[in-house]
1. State whether one or more residues within the range 9-20 are out of contact with any Ser or Thr (no Cβ under 6 Å at 6 or more places or on another chain), without any contact (Cβ under 8 Å) to a residue 60 or more places away in the chain and surrounded by fewer than 23 Cβ atoms within 10 Å (Cβ to Cβ).
2. Out of the residues in the range 97-145 meeting the condition of being assigned to a helix (DSSP H, G or I) and touching a helix residue (DSSP H, G or I) at 6+ places or on another chain (Cβ under 6 Å), tell me which one is surrounded by the fewest Cβ atoms within 10 Å (Cβ to Cβ).
3. Could you please find all residues in the range 21-33 being open to solvent by 70 Å² or more (accessible area, probe 1.4 Å), farther than 21 Å from Gly121 by Cβ and in contact (Cβ under 8 Å) with a residue 24 or more places away in the chain?
4. If I filter the range 311-333 for residues that are at pLDDT below 90, of a type in the set (Lys, Arg), exposed (fewer than 15 other Cβ atoms within 10 Å of the Cβ) and closer than 30 Å to Lys164 by Cα, do I get at least one hit?
5. Would you mention how many residues in the range 184-230 are among the polar types (S, T, N, Q), over 24 Å from Arg276 (Cβ atoms) and without any contact (Cβ under 8 Å) to a residue 24 or more places away in the chain?
6. Within the range 75-94, track down each residue that is outside any strand (DSSP E or B) and closer than 17 Å to Thr148 by Cβ.
7. Could you tell me how many of the residues in the range 253-278 are closer than 30 Å to Ala341 by Cβ and open to solvent by 100 Å² or more (accessible area, probe 1.4 Å)?
8. If you check Leu160 against the conditions, is it modelled with pLDDT of 95 or more and either touching a Cys at 6+ places or on another chain (Cβ under 7 Å) or open to solvent by less than 80 Å² (accessible area, probe 1.4 Å) (or both)?
Amino acid sequence: MTTHILIIGLGLIGGSLAKALQRNSDVHVAGYDADALTARKAFKMGIIHSSPPSLEQAASEADLIIFATPVGATIKLMEQSRYWNLKEDVILTDTGSTKIQIMEASKSLDHIFIGGHPMAGSHKSGVEAAKDVLFENAFYILTPGDKTDEKSLQFLKKLLAVTKAKIEVLPAEEHDHMTAIVSHFPHLIAASLVHQLDQEEKFPFARQLAAGGFRDTTRIASSNPEMWRDITTQNNAMIVQQLSNWMEQMDQLKDMLVKNDPEPIEQFFSHAKTVRDKLPIAGHGAMFSVFDLYIDIPDVPGSISELTGYLAEEQISIVNLRILETREDVFGILVISFQTAEDRARAQKCISARTVYDSYIS
């Protein structure tokens, strides 16, 4: 029996989900986007099986509806869905990065709603960037609603299993609290560091030095401003609490620095190093991440083409490549990013076998 899936919103996440879900046997993945050109493009690229002209008609045929739209748009669509002629046992879910507001809105629905958040992303956007491997080894959080039964939850988990994501079930409040700590709040810090650099006028050469470790530390500040405006306003209370905790810690750090006693200062950095070193290297976290490999290469013509040539011969795909102009607190002058930990491991093995260059994972 064919399972009919409707994905509303065919950007990076919606398109990648559509491609991955086609790994299931006997499914039909329909796709709808407010931009008709995007929907047609997704159909021509094979990302979806069909592009229905009417959202209401497609919804009436669906066994599973996935809202792959921003949280604000999803809440509006959820409200509209109350007037759609849906199957009695249809399951609705979303892909939003905050869950409390979504789950609160779901209480007015007559059908089962299970919140969802695939914690994966890319430096690219749009349906053209869709990849069926986007969610592999990433966490995919599900937040069941009041009407969710075990059968419906297992049905959704089984469908999503082909994404090869790590599926976890959490309450909405726990999800939003944790993502505030490890994702939303760090974006604020990264953005504030960039603002502080922007205000530096006395020594403008600081911008040149920022090409190294500072640029890596603040990479996430380059994320979509509109998206982070929405996330910050939607998870406002959790983020404000984290900011209060952080400011309290900064006051303690300031007192420590004013006293200028070397021992507690060293302990501060030592504890941070210990905690950071225990964090898992493999797998995706709450923020978009790629798998970086640092390589010490000589600054001579042909070094980079030599490396990329070896990787191409072994059919190892790279996501990004960059040269570090300064090397403070980094291991190598060349950083190559990969889509998966497996690709990075294969690349490190290849480079070790075919060159004398040292490579590191940080």
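The values are calculated or read from the model by the stated rules, or taken from the named source; none is laboratory data. Predicted model only: the values in this text are computed from it and were never measured. No Cβ is skipped: glycine too gets one built from the backbone with ideal geometry, and neighbour counts run over all protein chains shown. Remember, those area values only see protein heavy atoms, side chains included, never the ligands or the DNA or RNA. Shrake-Rupley method; radii C 1.70, N 1.55, O 1.52, S 1.80 Å.
1. In the first step, residues of the range 9-20 are kept if they are out of contact with any Ser or Thr (no Cβ under 6 Å at 6 or more places or on another chain); the result is 11, 14-19.
Add one more test, that the residue is without any contact (Cβ under 8 Å) to a residue 60 or more places away in the chain, and what stays is none.
Within the range 9-20, none of the residues are out of contact with any Ser or Thr (no Cβ under 6 Å at 6 or more places or on another chain), without any contact (Cβ under 8 Å) to a residue 60 or more places away in the chain and surrounded by fewer than 23 Cβ atoms within 10 Å (Cβ to Cβ).
2. Our first condition is that a residue be assigned to a helix (DSSP H, G or I); within the range 97-145, this holds for 100-106, 127-129.
Right, trim to touching a helix residue (DSSP H, G or I) at 6+ places or on another chain (Cβ under 6 Å) and you get 100-101, 103, 105, 127, 129.
Values: Ile100: 19, Gln101: 18, Met103: 23, Ala105: 20, Val127: 24, Ala129: 15.
Step by step, filter the range 97-145, then rank; the result is Ala129.
3. We begin by selecting, within the range 21-33, every residue open to solvent by 70 Å² or more (accessible area, probe 1.4 Å); these are 23, 25-26.
Narrowing the set further to residues that are farther than 21 Å from Gly121 by Cβ leaves 25-26.
Within the range 21-33, Asp26 is the sole residue that qualifies.
4. yes
5. Count: 1.
6. Taking the range 75-94 as the starting set, the residues that turn out to be outside any strand (DSSP E or B) are 75-90.
Of everything in the range 75-94, those that are outside any strand (DSSP E or B) and closer than 17 Å to Thr148 by Cβ turn out to be Met78, Ser81, Leu86, Lys87, Glu88, Asp89, Val90.
7. Total meeting the criteria: 5.
8. On the way: modelled with pLDDT of 95 or more: yes; either touching a Cys at 6+ places or on another chain (Cβ under 7 Å) or open to solvent by less than 80 Å² (accessible area, probe 1.4 Å) (or both): yes.
Criteria met by Leu160.
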